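The values are calculated or read from the model by the stated rules, or taken from the named source; none is laboratory data. These numbers come from a predicted model, not from an experiment. For neighbour counting, all protein chains shown are included, and Cβ atoms are generated from backbone atoms with ideal geometry for every residue, glycine included. Accessible surface is based on the protein model in full, side chains and every heavy atom, while ligands, DNA and RNA are left aside. Shrake-Rupley method; radii C 1.70, N 1.55, O 1.52, S 1.80 Å.
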Amino acid sequence: MSQYALVLHGGAVTMEPSKLTPEEEAQQRQGLQEALQAGWQILHDGGTALDAVEAAVRSLENNEHFNAGRGSGLTRQGEVEMDAAIMDGRTLQAGAVSGVKYVQNPISLARKVIANSPHVCLSGEGALELALECGLPLQPPSYFQTGKTRQEWLEIMQRNPAAPASHDTVGAVALDQAGNLAVATSTGGLEGQSKGRVGDSPVLGGGTYASNEACAVSCTGDGEVILRGALAHEVYALVKYSRLPLNEACQAAVHLRDEELRGDKGIIGVDPQGNIALEFNTNVMRRAYRVGTDKPYVAIWRNE
């Protein structure tokens, strides 16, 4: 029996502390705790890592205080286009979706891609058709247009519509009692992004990757930077081929070619031995973890 573990993130960003109100901070901490409990309970009861990461991310998608699902950022046109991916480290089976509208939980749709499609990634209308076929819950546009995201969108449109604001991602990695790894990542993209933009979250090896040979990894931060560095696969390769400890591999990936890959970067990971890593170059990284029956950890600021 393996030492089971769950690590999750709710986004890494560089921001002025005054921009995060005490009320919003409290809501985010509670959301992280609830998502951690949802995934950890599955692992504790002997469930699979794949089920655990889906449950944790689904909880964050249902929480308007995180940029995924209900709290997704709005495109330049004021619409929601969501991305998500999930991967089984035991089999390397994976499912991903991009440009998704109306689907309440894109991570569950990504899971359905594994079970109900010969493909790895579906986008736009094709992804929506699969959601309809599988009977997944759908929501009207008003569900996703929260007061917070609408206000942020209005500010961007008034300031500079050509410059989308940096926004966050949610993700989870897990090791179950059978020794298997899994990862799930979901995002609502950049506030004010161009229609059709695809970030790192649904790209295997970009922002999401898992293999029992080495580790499970989920990234957050500036998606374009993470994509250009293939950071999730960078961590996997450093662990597998360079034999670096997981935390050192994540540190190296965060600082990979810093001059060319400037931007906010955060990475969470877990390996088959139950070692965890949470590395980031920002002052905010919404994060939580629990290893076995140890006390759960929840934090937002760098120095916690």
Quick check on this structure: which one of 27, 37 is surrounded by fewer than 21 Cβ atoms within 10 Å (Cβ to Cβ), more than 16 Å from the chain's Cα centre (by Cα) and under 23 Å from residue 190 (Cβ atoms)? 27
Among (1) in contact (Cβ under 8 Å) with a residue 60 or more places away in the chain; (2) open to solvent by 10 Å² or more (accessible area, probe 1.4 Å); (3) out of contact with any Pro (no Cβ under 8 Å at 6 or more places or on another chain), where does residue 289 come up short? (3)
So for segment 203-226 (the condition being surrounded by fewer than 20 Cβ atoms within 10 Å (Cβ to Cβ) and modelled with pLDDT under 90), does at least one residue qualify? no
Residue identified as within 16 Å of the chain's Cα centre (by Cα) and under 19 Å from residue 174 (Cβ atoms) among 286, 290: 286
Hits in segment 168-216 (condition: among the acidic types (Asp, Glu), in a loop (DSSP other than H, G, I, E, B) and more than 18 Å from residue 35 (Cβ to Cβ)): 200, 213
Quick test of your reading of the structure: residue 252 fulfils all but one of (1) in contact (Cβ under 8 Å) with a residue 60 or more places away in the chain; (2) over 21 Å from residue 120 (Cα atoms); (3) among the aliphatic types (A, V, I, L, M). Name the failing condition by number. (1)
In segment 89-123, which residue that is open to solvent by 30 Å² or more (accessible area, probe 1.4 Å) and either among the basic types (Lys, Arg) or assigned to a helix (DSSP H, G or I) (or both) is farthest from residue 71 (Cα to Cα)? 90
